[in-house]
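Asker: The structure is given below, and queries will be raised subsequently.
The values are calculated or read from the model by the stated rules, or taken from the named source; none is laboratory data. The structure presented is a predicted model; accordingly, all values stated were derived computationally and were not measured. Cβ placement follows ideal geometry from the backbone for every residue including glycine, while neighbour counts extend to all protein chains displayed. Areas reflect the complete protein model, heavy atoms only, side chains present, ligands, DNA and RNA absent. Shrake-Rupley method; radii C 1.70, N 1.55, O 1.52, S 1.80 Å.
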Amino acid sequence: MSDHEEHVIDRESGTMGMWLFLFTELFLFGGLFLVYAVFRYMHPAEFHEAGLELDTFVGTLNTVVLLISSMTVAMSITAVQKKNNALALGLLAITTILALVFMVNKYFEWTHKFHLVIYPGSPVLENMERGELLFYGLYFIMTGLHALHVIIGLIVLFFAGYGIMKGTVTSERTLLLENAGLYWHLVDLIWIFLFPLMYLIT
Amino acid sequence: MTQSEKYTHVSYREHQGKYKGIMAWLTTTDHKRIGLMYLFGIAVFFCVAAVLGLLMRIEKIAPGETIMDAATYNGIFTLHGVIMIFIVVIPGIAAVFGNFCLPIMIGAKDVMFPKLNLLSWYIYVIGAILGVLSQFMGDGPPDTGWTFYVPYSAEANSNVVIALTAAFVLGFSSILTGLNFIVTIHRMRAPGMTFFKMPLFPWSLYATAWIQVLATPIVGITLLMVIAERTLHIGFFDPALGGDPLLYQHLFWIYSHPAVYVMILPAMGVVSEIFPTFSQKPVFGYTAIAISSLAIAVVGYFVWGHHMYTSGISYYSRWFFSFLTFIVAVPSAIKVFNWISTMYGGSIELRTPLLYAISFIFLFLIGGFTGLTLGALATNVHVHDTTFVVAHFHYIIFGGMGFAFFAAMHYWFPKMYGRMYNEKVANLAWGFLFVGFNVLYFPLFIIGLQGMPRRYFDYLPKFQTGHVISTIGAFILITGLIIMIANLIRGVRKGAYASANPWKGVTLEWQIESPPTLLNFDKVPEIKHPPYLFKKETEA
Amino acid sequence: MFGGASNLAADVDKAFIFIFGVSFILIIGITAFMIWTVVKFNRKKGIPAQQFTHNNTAEIIWTVIPTIIVLVMFWYGWKGFKTMRTVPDDAMEVTVISYMWSWDFDYGDGKISKELVLPINKPVKLNLVSQDVNHSFFIPAFRVKEDVVPGYDNWLWFEATEKGTFDIFCAEYCGLLHSGMLATARVVEDAEYTQWLASVESVKDKPSPEGEAIAKANSCLGCHSLDGSKLVGPSFKGLYGSKKIVIEDGKEVEIEVDDTYLKTSITDPNAQVVKGFNKGLMQSYSGVISDEDIDKIVDYLRTVN
Ligand code: HEA
Ligand code: HEA
Ligand code: CUA
Ligand SMILES: [Cu+2]
């Protein structure tokens, strides 16, 4: 607030705003899940077929990685509330590393697909069954959009960590960190839905 | 006319912050200034799109090519639709008058997230500029219509991606505004103001905000998918890539039908303020009006299929969507009857805002009832995608939301600027607008019934009479618009000073200075009464 | 009320009349009421405003009555619609093939016509097929319309009850010449119909060059005429061997049309744009049509004179 006297956003309003925002994110992915549901309903066998191609091991690994990272974020919030800033920063660092692990896995997974000449518009893909084509389209866009959210989440976490160092995030004012945490949980949650739909489909 | 001395307080427009001049506006987080900034943005884009509308009308004065070729015409109606819908009417009343009045009407100093509010404006401007640029960059104007139906939009060789991106960005701005309003209404009402002591304009904004937050992401992702389809060749909707074209239409209308209520609900909120004030009488059926806004918002989510009756969806879906379409008309009916009952038994002063509000009802009725014609299955088959639809939505958007916007403009003008426009000229402009409007759009109903399809560059000679009359109407309408805009601009600069409460309104915005100070209230008001309590004044 | 010429028209018009009638009464009534209140309760009369705030009976009345009215409207709309979706078993079938920006009517046995000719008083079912984007088949006089969506088996049916010629429009936006996508439906006596059908040449009988079929299938002929007239693109008539001015990198160049030129015109149409035509309208067909097929088209184009 440049013009007004100090305008504080109280914790409850900040959280409420964040939740509303998370709703919109859920609806954004919701649209994709809807499309997924429709296409899967139309081509169940081919979706199954294509799903088998995905590497369940990498998928599971990534799920575990994200779950742990969600936990470390939550722990770092508690740490800040207990005024243990060093621990909080450490936990955020671990979260970041885990997120990077996730992205590296993703990178290998995608490049592997590219080696098999499976990417949007590739000749191999064009010759596949209609259902498989749709599955891969969804696979790339959904995991791609999710990966984009991981990156945005990382940036937000970075700002929260910076806030702890600068002293704008303190045991009394945890809103920024909490909201960053909420966002990170969302990223996690979406993956929890993506994982079985893409990798475990039977 | 309420003549008075120049005010002595420092208003929000004169307040000096860290920056001066134009920078003071571009960096402001004051909700009133942001409201005005939206007003300028919307006014400019409205004029651009309106001129495009006029060009279309001139083209159609005779069959065949008159002033432009088919490719240009198709680009123009697309840009006209995109600007009018995404840049003008969806932000429309909520962004301009919502920003300006909402905090004041609930007794707050600002919205909850002022910086986010400014950010929304910037996002809005970026989106709007992108939208206009799409017309001039790259491979030629996008020519898909504002509905971007796939497969055409996935295959057309024009600038569709930029137009899609523009719509996506604008949606983002709309979400942030909605989010801001919801939190503001929940958390910042003045002490004593329960939900049911809140005036009706904030109520309508509340219902609108929920639609914005919950429906916009769906169209956002849908547009992203079309972008992915075009740039990465990922199949979703284009059958050539394995996709399903009807799925696109479903996703598009799941958003875009609720979006029409984003346009009309704030307009309904505006007239719900104007009728009580100019009748000096509490609004009739306060609860019914408030609840019916929510009902419209909720049921409005389930009628999207009425845009797709002829697209090949199943028999039962058509039945179901038609049924719900009729149900959604009932809350609108409730509102109309409550408004007219508000006037009954009042002490009515027919000033410019009321004139606009009454013509709002008239035009909204025509638009609404022709909406019912479209909602009925048998009749829709005949008039779907004809100029009948074009006339329906111009009546309801321009006649409804547009006239309510003009009503709001005249109603809150003294509050925004502390000055008055010339009322005689304002009424004259209204006359031109009202007559021109009907001459412009009514013929489209008739030729639509005779089978004139929409989005037609060319037409059969038998439709010419209707088109010519319609074009004449467009010229009358412009005359009115130009008079109105000139009169308002003159009012801002030279108008007589207005008092704090020129209309004897009782909602909170009339209890503070005109124009308001930066902080709106000297001390936080305490609310003890329901809104619209005129008794004290009339007895005194 | 506007000249219905099919069995469906009566019910549709009934729905129109009912809805318009109710609307008319309510619009006039409400508007009159508003004007009356403004006059009657005008402030100039100096009567203070009454301060009542609500009346539950009134609220209930104006919730229930409109609900009933809209349900009746719904019923009328549905009734007219039900017939539209119930095809009699003995309906004759015609396939409507739509592409940018023209209609073909396929009567089976390779008999394809540009005009829809129908026997009077006989139910017809039209199967709607799109070769490219969405279109919508619309005959106002028959009160029928249904979108033509690629990948969907849409259909409609009706029974023409009046002789004459009726306009067919495309009602779903489909690109540049959407407004030019017109055709006519001619309703005739049974005998005349049989005679006409027999006179339609079957494409099966005259083996058309393969290239023509390919060109048709890719809707080249939507933009290029065979008779010398100018559509979106230049006509194919007499194209081969002619001299043309084309614009290449902004400069005008004169070329003679040969095989290579034709081939690049199909695979990379925007490299050399014929003077007087717009760039960007024709898209590249490389990857869309195989190289062999492109050769066949070129062979065919050589023969169009
Ligand atoms: C502000 C925007 C707005 C609003 C509020 C509405 C309101 C309504 N609309 Fe409209 N509509 C559009 C904007 C809007 N529309 C647009 C932009 C399109 C075209 C999109 C495109 O294809 O480009 C469209 C298209 C459209 C179609 C699709 C047409 C087609 O393409 O085939 C249909 C079909 O059902 C429809 C129906 C309705 C109905 C039933 C209402 C109802 O909500 C109206 C309710 C109001 C009343 C009924 C009047 C008041 C009531 C009374 C006075 C009480 C008495 C009433 C009774 C006794 C019934 N609209
Ligand atoms: C808010 C919504 C809104 C508004 C206000 C308007 C306003 C107008 N529209 Fe609208 N229109 C749409 C929304 C709107 N439109 C939409 C969504 C579509 C569908 C697009 C699609 O199919 O995809 C559409 C389609 C549409 C068509 C159908 C195209 C077709 O199907 O072929 C036509 C044709 O007549 C038309 C005409 C007009 C006209 C003449 C005006 C007039 O009312 C405008 C009046 C104003 C003026 C004429 C200019 C005033 C000028 C000034 C105030 C400034 C002075 C400046 C100078 C002199 C330089 N519009
Ligand atoms: Cu085909 Cu419009
Ligand atoms: Cu709708």
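Asker: Test each condition in (1) within 10 Å of another protein chain (Cβ to nearest Cβ); (2) more than 25 Å from the chain's Cα centre (by Cα); (3) in a loop (DSSP other than H, G, I, E, B) for B:Asp143 and report the one that comes out false.
Answerer: Exception for B:Asp143: condition (2).
Asker: Here's something else I'd like to know. Could you list all residues from region B:56-69 that are part of a helix (DSSP H, G or I) and open to solvent by 10 Å² or more (accessible area, probe 1.4 Å)?
Answerer: If the condition is that a residue be part of a helix (DSSP H, G or I) and open to solvent by 10 Å² or more (accessible area, probe 1.4 Å), then B:Met56, B:Arg57, B:Ile58 are the ones that fit.
Asker: Scan region B:171-228 residue by residue and report those that are over 17 Å from A:Gly14 (Cα atoms) and not in a helix (DSSP H, G or I).
Answerer: Result: B:Ala190, B:Pro191, B:Gly192, B:Met193, B:Thr194, B:Met198, B:Pro199.
Asker: Among the residues of region B:279-304, which ones are part of a helix (DSSP H, G or I) and farther than 20 Å from B:Leu372 by Cα?
Answerer: Correct list: B:Ser279, B:Tyr286, B:Thr287, B:Ala288, B:Ile289, B:Ala290, B:Ile291, B:Leu294.
Asker: Another question, if that's okay. Could you name every one of the strands (runs of 3 or more DSSP E) located completely within region C:29-136 that has at least 2 residues being acidic (Asp, Glu), without any contact (Cβ under 8 Å) to a residue 24 or more places away in the chain and within 30 Å of C:Gly164 (Cα to Cα)?
Answerer: Ranges flagged: C:102-106.
Asker: Working only within region B:227-236, note down all residues that are open to solvent by 10 Å² or more (accessible area, probe 1.4 Å) and within 7 Å of chain A (Cβ to nearest Cβ).
Answerer: Listed by number, the residues that qualify are B:Leu232, B:His233.
Asker: I'd like to know if region B:466-476 contains one or more residues that are more than 16 Å from ligand 1 (Cβ to nearest atom), more than 24 Å from the chain's Cα centre (by Cα), touching a residue at least 40 places away in the same chain (Cβ under 8 Å) and more than 14 Å from every other protein chain (Cβ to nearest Cβ).
Answerer: So far as region B:466-476 goes, yes, one or more of its residues are more than 16 Å from ligand 1 (Cβ to nearest atom), more than 24 Å from the chain's Cα centre (by Cα), touching a residue at least 40 places away in the same chain (Cβ under 8 Å) and more than 14 Å from every other protein chain (Cβ to nearest Cβ).
Asker: Further, regarding this structure: Which residues, counting only those in region B:249-278, are facing chain A (nearest Cβ under 10 Å) and either hydroxyl-bearing (Ser, Thr, Tyr) or not in a helix (DSSP H, G or I) (or both)?
Answerer: The answer is B:Tyr255, and nothing else.
Asker: Which one is nearest to the other protein chains (Cβ to nearest Cβ) among residues in region C:177-190 that are surrounded by fewer than 23 Cβ atoms within 10 Å (Cβ to Cβ) and more than 18 Å from B:Gln450 (Cα to Cα)?
Answerer: Per the stated criteria, the residue is C:Leu177.
Asker: Regarding B:Leu52, is this residue surrounded by fewer than 24 Cβ atoms within 10 Å (Cβ to Cβ) and farther than 18 Å from B:Ser153 by Cα?
Answerer: Considered against the rule, which asks whether it is surrounded by fewer than 24 Cβ atoms within 10 Å (Cβ to Cβ) and farther than 18 Å from B:Ser153 by Cα, B:Leu52 comes out as yes.
Asker: Name the single residue that is nearest to the other protein chains (Cβ to nearest Cβ) among those in region C:48-74 being under 16 Å from C:Ser23 (Cβ atoms) and open to solvent by 60 Å² or more (accessible area, probe 1.4 Å).
Answerer: C:Leu71
Asker: OK, next. Working only within region B:143-158, note down all residues that are on the phi < 0 side of the Ramachandran plot and within 15 Å of ligand 2 (Cβ to nearest atom).
Answerer: B:Asp143, B:Thr144, B:Trp146, B:Thr147, B:Tyr149, B:Val150, B:Tyr152, B:Ser153, B:Ala156, B:Ser158
Asker: Being at pLDDT 80 or above, surrounded by 21 or more Cβ atoms within 10 Å (Cβ to Cβ), assigned to a helix (DSSP H, G or I) and not polar (S, T, N, Q) is true for just one of A:Gly137, A:Gly144. Which residue is that?
Answerer: Residue meeting the stated conditions: A:Gly137.
Asker: Okay, moving on. Output the number of residues of region C:7-47 satisfying the condition of being at the interface with chain B (Cβ under 9 Å from one of its Cβ atoms), loosely packed, with under 13 Cβ neighbours inside 10 Å and of a type in the set (Gly, Ala, Ser).
Answerer: The total comes to 1.
Asker: While we're on this one: Checking the conditions here, which among C:Phe138, C:Phe158, C:Phe169 is more than 9 Å from chain B (Cβ to nearest Cβ) and within 30 Å of C:Glu192 (Cα to Cα)?
Answerer: C:Phe158
Asker: Kindly indicate whether any position in region B:237-248 is within 16 Å of ligand 2 (Cβ to nearest atom), at the interface with chain A (Cβ under 10 Å from one of its Cβ atoms) and closer than 30 Å to B:Leu102 by Cα.
Answerer: Among the residues of region B:237-248, not one is within 16 Å of ligand 2 (Cβ to nearest atom), at the interface with chain A (Cβ under 10 Å from one of its Cβ atoms) and closer than 30 Å to B:Leu102 by Cα, which makes the answer no.
Asker: Looking at B:Leu374, B:Leu324, B:Leu350, which one is touching a strand residue (DSSP E or B) at 6+ places or on another chain (Cβ under 9 Å), away from ligand 3 (no atom under 16 Å from the Cβ) and open to solvent by 10 Å² or more (accessible area, probe 1.4 Å)?
Answerer: One residue alone meets the criteria, B:Leu350.
Asker: Still on this structure: Do we have any residue at all in region B:477-495 that's away from ligand 2 (no atom under 12 Å from the Cβ), more than 20 Å from B:Leu55 (Cα to Cα), away from every other protein chain (no Cβ under 14 Å) and outside any helix (DSSP H, G or I)?
Answerer: yes
Asker: Name the single residue, out of those in region B:237-276 being away from ligand 1 (no atom under 16 Å from the Cβ) and without any contact (Cβ under 8 Å) to a residue 60 or more places away in the chain, that is surrounded by the fewest Cβ atoms within 10 Å (Cβ to Cβ).
Answerer: This residue is B:Leu247.
Asker: Just checking, does region C:246-264 include any residue being of a type outside the set (Asp, Glu), open to solvent by less than 50 Å² (accessible area, probe 1.4 Å) and without any contact (Cβ under 8 Å) to a residue 12 or more places away in the chain?
Answerer: yes
Conditions tested, residue by residue: (1) away from ligand 1 (no atom under 16 Å from the Cβ); (2) within 24 Å of B:Pro151 (Cα to Cα).
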position	(1), (2)
C:Val94	yes, no
C:Ile97	yes, yes
C:Met100	yes, yes
C:Trp103	yes, yes
C:Gly110	yes, no
C:Ser113	yes, no
C:Ile120	yes, no
C:Val124	yes, no
C:Asn134	no, yes
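Asker: Of the residues in region A:26-78, how many are open to solvent by 20 Å² or more (accessible area, probe 1.4 Å) and within 12 Å of chain B (Cβ to nearest Cβ)?
Answerer: 12
Yes/no per residue for (1) open to solvent by 10 Å² or more (accessible area, probe 1.4 Å); (2) of a type outside the set (Lys, Arg); (3) in contact with a helix residue (DSSP H, G or I) (Cβ under 7 Å, 6 or more places away or on another chain):
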site	(1), (2), (3)
C:Ser130	yes, yes, no
C:Val133	no, yes, yes
C:Val148	no, yes, no
C:Asp153	yes, yes, no
C:Trp157	yes, yes, no
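Asker: Condition check: in contact with a helix residue (DSSP H, G or I) (Cβ under 6 Å, 6 or more places away or on another chain), within 14 Å of chain A (Cβ to nearest Cβ) and in a helix (DSSP H, G or I). Does B:Val150 satisfy that?
Answerer: No, not satisfied.
Asker: Somewhere in region B:91-105, is a residue open to solvent by 10 Å² or more (accessible area, probe 1.4 Å), more than 14 Å from every other protein chain (Cβ to nearest Cβ) and under 23 Å from B:Met198 (Cβ atoms)?
Answerer: Checking region B:91-105: at least one residue is open to solvent by 10 Å² or more (accessible area, probe 1.4 Å), more than 14 Å from every other protein chain (Cβ to nearest Cβ) and under 23 Å from B:Met198 (Cβ atoms).
Asker: Please verify whether C:Gly4 is more than 9 Å from chain B (Cβ to nearest Cβ), farther than 25 Å from B:Tyr532 by Cβ and either within 16 Å of ligand 2 (Cβ to nearest atom) or part of a loop (DSSP other than H, G, I, E, B) (or both), treating the condition exactly as stated.
Answerer: Criteria met by C:Gly4.
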